[in-house]
Each structure stands twice: as C-alpha cells, then as structure tokens.
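Visitor: So that we are looking at the same thing, I have put the structure below in structure tokens.
The values are calculated or read from the model by the stated rules, or taken from the named source; none is laboratory data. The structure displayed is predicted, hence computed values, not measured ones. Please note: Cβ atoms are built from the backbone with ideal geometry, for glycine as well, and neighbour counts cover all protein chains shown. SASA here: full protein model, heavy atoms, side chains in, ligands and nucleic acids out. Shrake-Rupley method; radii C 1.70, N 1.55, O 1.52, S 1.80 Å.
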Amino acid sequence: MSSQCDLASDFVAAFGLKRFPINCCANAVDDPMGEISVLPLNPVWVECTSNTTDQRVIGISIDQAANCTAPTDWPVASLEHLTHLNINYCNMSSYQLQWDKLSTGAPNLIHLNLSNNELGGGLSPDIGKLVQLESLDLSFNNLNSAFPYEMALLTNLSELIVRNNQLFGQIPPYFNTLPLTRLDLRRNRFAGPLPDLQNLTNLSFCRLGKSTCYSNASTVPSGCLSTARLCDAQHGVTNQSSSTLFWSNFFHYGLLLLGIALIGFLSFQLYVKLIKNRWNKDLSWNPLLGINEPTVNRTPLNHGQRVVVVNPFSDDHGAIRLNSFEQ
C-alpha cells in the first residue's frame, strides 16, 4: 500500500516536477505550534501532521515552479487527509480542470487556490462535493461558465475569489445562504439583476466589479454597491452620486477640450511655417548666372518679403557679391 508521501510525490510528478523523498514527513521540521510539520522542497511545499508515527500529508503547495506544466490527466490520488492545495503560476494554458477527480481524490479540502494558471473550461457541478471547502481562489484564469447550482452545497465557504475570468450569467441567489466574508467577482461577464444579499452581514471585502452593469438591484451590503455599476434599461447608470458624475464629466470633457486645443496649436504652427516660407525666398549659395536686379524684380513681392541671392562667382579681388533686393 502506498504511503501518503508516495501519493503526494506522484501528484507533484504529474505536473512535470521532480519527485521528492519518500520519507518527506519523517524529515520534516516541527512547526512551533506543534500541529504541523513543513518540508520545503522549493518550489514545492509539503505539510504533514506532526505525528511521525502516522504520516499524513495535509498540504501541498506548488508556487511559481519554472517547469510546472499541465498534467496529461489530473492525478488520481487518494489524499483523503489533504486540506490545503495551492497551485499557482503553473503553465496550464486552456487546461480544463477535472473537478470530478479533484473532489474524489481530495474530498476534505478546506483551502483550494488554483489562481494564475490560465485554466480553461468552467465550474463543474462536481465542485459541490467539496463540502468542507472554506476558501476558493480561482482568480486570473480563463474559466468560462456560470456558477453551478451545486455550489449552494458549500455551506462552509467564507472566501470566494474568482476575479479576472470569463464567468457569466447572474450572481446566484444562494450566495445569500453562504457564510461569505470575502467576495471578489471583478472582471468577469456577469449581468442581470443582483439577488437579495442582505444576509451577508459578515462581508469584510466585497468587489462586484464595474465592468458589468447590473439591473434591478435588491438589498445588498453597501460595501458591494460601492463597487458595482447599477443600471436601468432606460436611464443608464443609476448609482453614481452627483459629485462623482460631475468629476466624471469634467474629466471626459477636459480631455476633449485638450485634444481640440492641441489640434489648433499644431494647425497654427503649420500655418506659420507655410507663411514664413512665402515671405522669404532664399537662393543663397547657388551658381546662379544671368540673374540681375531687373530679372528679380519681375517677380511681384509684397511688403516685407525678401529675396537673397549670393553669387559664388567672385570678382577680381576675390570678394563675394551679395545682392539683396527688398521691396
């Protein structure tokens, strides 16, 4: 029967990383709290229970591993004691997470962080099997789906971070039944009416995002409303204060006036340059022959205009003749 360290090592190896020693927990350093032992295997961390006679891997962290790649198939590992799983900045572009295998292999996860991995696919109903989950961070990926109804089963979920994805649909009403303290939904494609979230009285951090326009807002915590755009189909944005609207208009009209002024300035400079070229006829340092005062005077000149002709052909004394005609 494989030990917990064997299973954890197989799990890490599936992401293209080097296997670590089988006695990972036995060689771990005791945590000052006396509860957890931690073995740093940069960039992999393995956390075990402090009881070395009953080795249990309770945490695996893969953070910014240079050689980390998406597994061909999500590793099936019976890590029933695993409570913390952290995989960040792993090159898993468009990889579709197999939630069924994750929930089966580590059913007792409490903290799951899979941020910054470019994961594709969406949120599967199998996520509802992780009933012990308290913290879920899926930010900075390419997840493209709505929230499945099965997430209502995550009755211990206090932290939900899914910013910077392609999630869509409405914010589900069952959020009101979860013990959320942190909620970050920014930079997704949610739309539609906001549900009644008045029971979320313990929210210490709430970001709904300004890139989406929500309609028909119900009672929600004020901290959420301040970070959302509430829209009316006929009147547009409805939750901007008069001062916010003033400064927003001031900024936009200021940019417009600045652009007009810049175009005017450049046009004036071009006009001056063209007029200046008309005022001055400079034929200096050219081997001109046969040009004399009557010839030049055939060209009508306006007041203030000037023609300068420098004849490089000198006279007998080597002096250069400068003929300047002004009118």
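Visitor: Which ³J(HN,Hα) values in Hz, rounded to whole numbers, follow from the phi angles of the range 173-182 under the Karplus curve 6.51 cos²θ - 1.76 cosθ + 1.60, where θ = phi - 60° and Gly and Pro get x?
Guide: Taking θ as phi minus 60°, the curve returns x, 5, 4, 5, 9, 8, x, 6, 10, 9 Hz for the range 173-182.
Visitor: Further question: How would you classify the range 62-173 from its alpha-carbon gyration tensor, with a ≥ b ≥ c the square roots of the eigenvalues: rounded for a/c under 1.5, else prolate if a/b is greater than b/c, otherwise oblate?
Guide: The shape class here is oblate.
Visitor: Further, regarding this structure: If each residue of separation counts as 0.36 nm, what is the full-extension length gain between Arg189 and Asn142 once their alpha-carbon separation is subtracted?
Guide: 15.7 nm
Visitor: Can you list residues from other chains, or at least 5 along the same chain, whose modelled amide H is less than 5 Å from the amide H of Asp196?
Guide: HN-HN under 5 Å from Asp196: empty list.
Visitor: From the phi of every residue in the range 183-199, what ³J(HN,Hα) in whole Hz does the Karplus formula 6.51 cos²θ - 1.76 cosθ + 1.60 yield, where θ is phi - 60° and glycine or proline is x?
Guide: 9, 9, 10, 4, 6, 10, 10, 5, 7, x, x, 7, x, 6, 10, 5, 7
Visitor: 5 Å is the cut-off here: which amide hydrogens, built 1.01 Å from N in the peptide plane, fall below it relative to Gln96, excluding neighbours closer than 5 in sequence?
Guide: Gly120
Visitor: Take every Cα pair under 8 Å in the range 55-109 that's 6+ residues apart, average their separations, divide by the length, and report that relative contact order as a whole percent.
Guide: Worked out over the range 55-109, it gives 45 percent.
Visitor: Ignoring ligands, DNA and RNA, how do Ile263, Ile110 rank by accessible area with a 1.4 Å probe, largest first?
Guide: The residues order as Ile263, Ile110, largest area first.
Visitor: What FRET efficiency comes out for the pair Asp6/Asn67, r = Cβ-Cβ distance, R0 = 22 Å, nearest 0.05?
Guide: 0.55
Visitor: Using only the heavy atoms of the protein chains and a 1.4 Å probe, how would Ser61, Ser78 rank by accessible area, largest first?
Guide: I get Ser78, Ser61, largest accessible area first.
Visitor: I've got another one for you. Which ³J(HN,Hα) values in Hz, rounded to whole numbers, follow from the phi angles of the range 5-10 under the Karplus curve 6.51 cos²θ - 1.76 cosθ + 1.60, where θ = phi - 60° and Gly and Pro get x?
Guide: My calculation for the range 5-10 gives 5, 4, 5, 5, 5, 4 Hz in order.
Visitor: Computed FRET efficiency, Cβ-Cβ of Glu80 and Phe251, R0 51 Å: what is it to the nearest 0.05?
Guide: Once rounded, the FRET efficiency stands at 0.35.
Visitor: Please tell me the relative contact order of the range 116-217 in percent, rounded to the nearest whole number, where contacts are Cα pairs under 8 Å and at least six residues apart.
Guide: 22
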